[in-house]
Every structure is written in structure tokens, then in C-alpha cells.
1. Check the straight Cα-Cα distances from Lys329 and name the aspartates and glutamates below 18 Å, setting aside those fewer than 8 residues away within the same chain.
2. Once the Cα atoms of helix 2-45 and of the chain are each reduced to a long axis, what angle between those two axes, in degrees from 0 to 90 to the nearest 10, is obtained?
3. For a protection proxy built on the mean count of beta-carbon atoms within 10 angstrom, sort 221-228, 195-202 highest first, please.
4. If each of Asn55 and Asn192 carries a label point 7 Å out from its Cα toward its Cβ, how far apart are those two points in nm?
5. Charges on Cβ only, +1 for Lys and Arg, -1 for Asp and Glu, centred on the Cα centroid of the chain; of Asn310, Phe129, Asn55, which one is farthest towards the dipole's positive end?
6. Give the order of Thr62, Thr290, Thr249 when sorted by the count of other beta carbons within 10 angstrom, beginning with the fewest.
7. Count charges around His137 for me, please; just the other residues with Cβ under 14 Å from its Cβ, Lys/Arg as +1, Asp/Glu as -1.
8. Please order Phe92, Phe167 by the number of other Cβ within 10 Å, starting at the fewest.
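Each value in this text was obtained by applying a stated rule to the coordinates, not by laboratory testing. This structure is a prediction, so every number in the text was calculated from the model and none was measured. Virtual Cβ from ideal backbone geometry, glycine too; neighbours counted across all protein chains shown.
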Amino acid sequence: METTKKKGLRPWRELSGLRKVLRVLWIFVLAVLAATALLFGYLTATEFKPAAKENLGVTSGTDAINKVDQGKELSILTWNIGYGALGDNADFFMDGGKSVKTADEKRVMENMKGISEEVSAIDPDFAFFQEVDRDSHRSSGIDEARLIRNGRSNGDSTFAYNFRVKFIPYPVPPIGKVNSGILTSSDYKIQNSVRRQLYCPFKWPVSLGNLKRCLMVDRVKINGSSKELVLINLHLEAYDSGTGKIKQTKMLRDVMDKERAKGNYVIAGGDFNQCFSEADVTAFKQYPGTWKPGVLDYSQFKGYRLLMDNSDPSCRSLDRAFKGADPDKFQYYSIDGFIVSDNVTVNSVKTQNLSFKNSDHNPVVMKFVLN
């Protein structure tokens, strides 16, 4: 009898044990949901929400020239520096690679040193930089804007954030904190600088961990003229369905039109994440499974010159590291360049082939004259 009673109790004990397991699992699920809700609440409360138009400060150099001369050949560089962490060793998960943090502090400093040395060797009158980090986990907290400014301390510079997130929780390991933007450097005095917010194609909650892209519009005075040289630094959408690029490009055109209507000289440049429709990019075969850029139609910019140099690629894919790969079987792009108003004479545009040693982009240099 006693043995039978003990056997009869076993199902109840097993059921009680199962209930305990389920209770623990339920508590765990609730804890995960609560932590997720807290994280999204925190990111929502701290989301970077720039105004449509913001005045920016100008960092004055030690010996900036007051005004630019008409009829004198000038040079301008644009370079997406890949936040100092996308050298020839890097691949990146959003381009089909596997890596999230692509460089340690030593490699970031090595890349930034190489970038600064190359800019010094080119010695442009003006320079547009994109993906310039300041206190980001992915670039070991290094203030890259300070490093660039130190290398060009004679002139003026401006900086606009386009990516500020307290913590990006994806993938595994997470991207973490990001503070990044675009920087313009000038041998000439920058009179004022304005940040113009561009259309953001991403909705909540995706927008919490995404860029808030912008145009940075700087003005330089011209000798003997009431007109101005207007410099527009940009970095347009990359990973959207295409709507973002289209709307951002239209806003760029509107801003340029207003300046040109005033008689100003207008130069827009940067990483368009698009190839220009009349540029011959057949040399850069599109491989299956790799990121494909959009196309910016020339007809959208009648009265302007759209300038890219396809003799060498301005960008490479990050689906794998460049170092050690067969360069003849790699995905390349031409997506960096300039758009200039019809009162600017362009003498040359050249992509500097640096074999992507310190960035996934090569710099592009344009020489021009204000008519």
C-alpha cells in the first residue's frame, strides 16, 4: 500500500517541477521584454532629431585666407574616410561581410595617419570628408575631426553630425555608441555654415539606429564680387529602397538652384552612393550578391556639370577584405564626385588610386576656376 501511494505521487511531483520550469521561463521572457522596452524607450527619448535648418560654428584656423580669387585655379578633394576603420583589412556585415568592429585602436590610428598624410600631399584648397567619427565605439572613441583639423590647422573647418545614437543594439556583437558626421576644411575663411536636414526614409523603430543625413552648406567670399562660393558637403542614402536617395537628391537640386539664382558659384560634392547616369561604369562589373548603387539621372541637373572619374574606382565592396583578395575579381564602384554650377570651369577630376589601404573609398580631386 505504501509503495503504491508513493508511485501515485510521482505525476504530481513531475507536474510541480514543470510548473517551476515554466515559471522561470516566464520570468525570463518578462525580463527580456522589460529590458527591450526600456532600451527602446531610452533610444526613443534620446533620438537625434536635428532641426530642418541649423547654424553651425566655424573652427577658425591660424592663417585662413580672407577671400578667394576669380580666374585662379583651385582644388577641392572629397573623401569618405570610412570612420578610420575600413582599411584594406576590413569587411562589414551590412555589405555582405561578417565583421562589426572592423579595426582596433592601433589600426584606426594607422588609417587616420595615412589619410592625413595623403591629404597633406595633395594639399587641396578645400576638402570634403564623410564618415568622420567622434567618440564612437566602432573607432575606439577617437576624435577623428580633431586629427583632420590638426593636419590642416592653417584653414577654417566646419562639422555637422549626421549619425548620433547612444547605443545601436544590433547585430551580435552590437555596433554600440556612434557619433559621426561630415567635415569641410578650407584654406579660405568660411563666413558661415548651415546644416540642412535631408529626408529620412526610415520609420520608427528603425530610425532610432539610423543616420539623419544632411547637407552642410558653407560660404566663402570672393575678391571683387558680391557673389559667394557656396560649398555643399554631402553623404546621401546607401541602404534604403531608393526613395531616400531620390528625395535627398531633389532637395540638393533645390538648394543649388536657389544659390545659382543669386549668381553664386556652387560646388556640391561627396559620397552620393549613386553613379551618374552618363558616367561609363562598365569597367566595374556588378557581381551577384553585392550592394548595388542607385543611379543619379543627368536630366535632374540640367545647367550643371556632374563629375566623376571612372579611370579608377572611388569605392570598393566590403563583402570581404581587400588585402589578399584578387583585385581583378573584386566589386568596385564610382559613387564619389562633384556637381558644379555652370559658372565654374572644371579643368580636371581625378580619382586617386590608393588601393583602399586606409579607407574603403579613394579620394577624388577636382581642379577648377571661378569664371
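1. Cα-Cα hits under 18 Å: Asp88, Asp91, Asp95, Asp312, Asp319, Asp360.
2. Its long axis makes an angle of about 20 degrees.
3. Final packing ranking: 195-202, 221-228.
4. 0.6
5. Of the options given, the answer is Asn55.
6. Thr62, Thr290, Thr249
7. Computed value for this residue: 0.
8. So the ranking, lowest neighbour count to highest, is Phe167, Phe92.
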